[in-house]
Amino acid sequence: MSFCEKFQRAVGDTTIYRLSKITGIERTKLQRIKSGQKLPTMEELELICASLCLSPEEKFNLTKEYEIAIIGEDRYKSRICTANFIENLYNIFEVKHCPIERSFKISLNMEYPAVIKGESDTYNAIETIMRQEAVENNTIYMYGDIFEDKSPINNLLKSITDIAGLSVCHIFGLKPYDDSYDNYYSNINMINKIYPIFLSKTDYRAYYYYDKTTNSSILPYFIVTDNCLVTISYDKRSAVITQDKNIIKLHKELFEQKINNSYALIADINTLMGYSSIYVEHLRHYDIANTNLITIEYEPCVTPYIGDELIEMCMRKDIPNFPVIFDRAKSCLSQYRNFMLKTSIFTERGLDNFLMTGRITEIPEIAYNPIPPKYRIKILNELCKSAINLKQSSLHLIREDKLHLPKNLRYCGTGQINDFFLLLSDEKNSHSVFKLNECGFAKPFYDFATSLVDSEIVYSNEETIKIIQNKISEFSQSL
């Protein structure tokens, strides 16, 4: 149902004359809105919803169709998928995952080669094979895109998380760049399914390629282990299972060749040298003089306001490779100060955390001592000043009843190039980088970030500045 149809249903028997009287909107404009010739502004839509006494559900549905009419359905889906992904990351870190038991319809005591018909039977056969391989501590190699939501075989990814001791190497397909949001939200949806596996106890390695598979392809996906090869049809309704050793060997060789032409999705960082290298690489992406950055982080982005004096004071001298990391830190922070931070989006919990601890979540604690309280206050005052006087940036606190942000999420983008998520895995207890500098990742996240500024998900720049100033005042009084 279009916005025009939803609007007509919402108006019902209310006359245009009465609606105009209540809202103050001209009758001719309301008539054009009702006939589908014109769209209201968001402020006018709010007035209309209030005057019609719509229920929260009715208002949501009407607002949804309004947004779709403004930006298009694919772009709307892209933003919803991105928000769901961020919520999913939050839930991964906040909620402890408990593996569940499953029963299986298909026994492995079958004659090979075996032909499986039906999505459900295909899924059960593959999961049964996976559990056997886990018992034998074998690696499973998966090749192909992520299965669609509507397919029962999509539960396979959840199964990987539930099977303890499983080792999986997965090459999957991303939709190629074609400048449409349809492929973008499809890609984000895929990553949404993958990341919980990476953070589980499963040994999971992920690589991606650009998927140009068509519906006419025959058996485009395969799963190969030391014991079995499963080839799967494009519609996931058929599979062939074999234990022929020569065929298994051939597919493993093909898999290794494909890895050489694929890209690692996620990289662990095990040393401070590796960690500092990420920031050096990050800064190479930008033309400093013309870069307007937008960030979504747990804490406010205070990096541009950290001076050399503070680096000298706080960085620990006993860390490995101190001279190199120290020089890198000064160079990177000097470059950050030249950027124009257009929009900074963060959480109230993150703001409190920075004030109370003097720590920045994304930087390992072993690298530096806490920032002294007076410097925390100074940094936040400078942050507010840039948004009040210089008009260089806008600050936006997230309404945490609208969107939950994980504390280990760091997003930074420019619209052309987006950088990375920096995450800390609870299970592995190590930093990991989830790079987003591919077009298929970059565009939806930047679009989502820019859409937040005018949404109900965040406080306005003025409201955010006031909240920060109140917290600075309370913190100062507690010292």
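See the values below:
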| read-out | value |
| --- | --- |
| Criterion violated by T357 - all others in (1) over 22 Å from S276 (Cβ atoms); (2) modelled with pLDDT of 90 or more; (3) surrounded by fewer than 19 Cβ atoms within 10 Å (Cβ to Cβ) satisfied | (1) |
| Residue ID - most open to solvent (accessible area, probe 1.4 Å), chosen from residues in segment 383-394 that are at negative phi, within 29 Å of the chain's Cα centre (by Cα) and not small (G, A, S) | Q392 |
| Every residue from segment 320-374 that is within 25 Å of N270 (Cβ to Cβ) and of a type in the set (D, E, K, R) | D327, R328, K330, R359, E362, E365 |
| Hits in segment 280-310 (condition: open to solvent by less than 20 Å² (accessible area, probe 1.4 Å) and part of a strand (DSSP E or B)) | L293, I294, T295, I296, E297 |
| Criterion (touching a helix residue (DSSP H, G or I) at 6+ places or on another chain (Cβ under 9 Å), at pLDDT 65 or above, open to solvent by 10 Å² or more (accessible area, probe 1.4 Å) and not in a helix (DSSP H, G or I)) met by exactly one of G173, G165 | G165 |
| Lone unmet requirement of (1) of a type outside the set (A, V, I, L, M, F, W, C); (2) open to solvent by 30 Å² or more (accessible area, probe 1.4 Å); (3) assigned to a loop (DSSP other than H, G, I, E, B) for R18 | (3) |
| Test: residue in segment 196-206 that is at pLDDT 75 or above, more than 22 Å from E87 (Cβ to Cβ) and open to solvent by 10 Å² or more (accessible area, probe 1.4 Å) | yes |
| Y234 being assigned to a loop (DSSP other than H, G, I, E, B) and either out of contact with any Lys or Arg (no Cβ under 9 Å at 6 or more places or on another chain) or open to solvent by 60 Å² or more (accessible area, probe 1.4 Å) (or both) | yes |
| When residues of segment 262-279 are limited to those that are among the hydroxyl-bearing types (S, T, Y) and under 19 Å from C169 (Cα atoms), the one surrounded by the most Cβ atoms within 10 Å (Cβ to Cβ) | S262 |
| Enumerated strands (runs of 3 or more DSSP E) restricted to segment 364-479, each holding at least 1 residues that are modelled with pLDDT of 90 or more | 394-397 |
| Of the criteria (1) open to solvent by 40 Å² or more (accessible area, probe 1.4 Å); (2) modelled with pLDDT of 70 or more; (3) of a type outside the set (V, I, T), which one M142 fails | (1) |
| So M313, is it open to solvent by 70 Å² or more (accessible area, probe 1.4 Å), outside any strand (DSSP E or B), in contact (Cβ under 8 Å) with a residue 12 or more places away in the chain and more than 30 Å from E463 (Cβ to Cβ) | yes |
| Close pairs (6 angstrom Cβ cut-off, 6 or more residues apart or separate chains): at positive phi in segment 25-48, part of a helix (DSSP H, G or I) and not β-branched (V, I, T) anywhere | G36/C4 |
| Test: residue in segment 320-342 that is without any contact (Cβ under 8 Å) to a residue 40 or more places away in the chain, open to solvent by less than 50 Å² (accessible area, probe 1.4 Å) and in contact with a Phe, Trp or Tyr (Cβ under 8 Å, 6 or more places away or on another chain) | no |
| Among (1) in a helix (DSSP H, G or I); (2) more than 30 Å from P406 (Cβ to Cβ); (3) modelled with pLDDT under 75 - the single one I247 does not satisfy | (3) |
| Residue among Q8, Q31 that alone is more than 39 Å from the chain's Cα centre (by Cα), in a helix (DSSP H, G or I) and surrounded by 14 or more Cβ atoms within 10 Å (Cβ to Cβ) | Q31 |
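Conditions tested, residue by residue: (1) under 21 Å from N470 (Cβ atoms); (2) of a type in the set (F, W, Y); (3) touching a helix residue (DSSP H, G or I) at 6+ places or on another chain (Cβ under 8 Å).
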residue: N338; (1), (2), (3): no, no, yes
residue: L341; (1), (2), (3): no, no, yes
residue: F346; (1), (2), (3): yes, yes, no
residue: N353; (1), (2), (3): yes, no, no
residue: T357; (1), (2), (3): yes, no, no
residue: T361; (1), (2), (3): no, no, yes
residue: P370; (1), (2), (3): no, no, yes
residue: K374; (1), (2), (3): yes, no, no
residue: I377; (1), (2), (3): yes, no, yes
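The values are calculated or read from the model by the stated rules, or taken from the named source; none is laboratory data. The model shown is predicted, which means the values in this text are computed figures rather than measured ones. Here the Cβ is made from the backbone with ideal geometry for all residues, glycine too, and neighbour counts use every protein chain on show. The accessibility values were calculated without ligands, DNA or RNA, using every heavy atom of the protein model including side chains. Shrake-Rupley method; radii C 1.70, N 1.55, O 1.52, S 1.80 Å.
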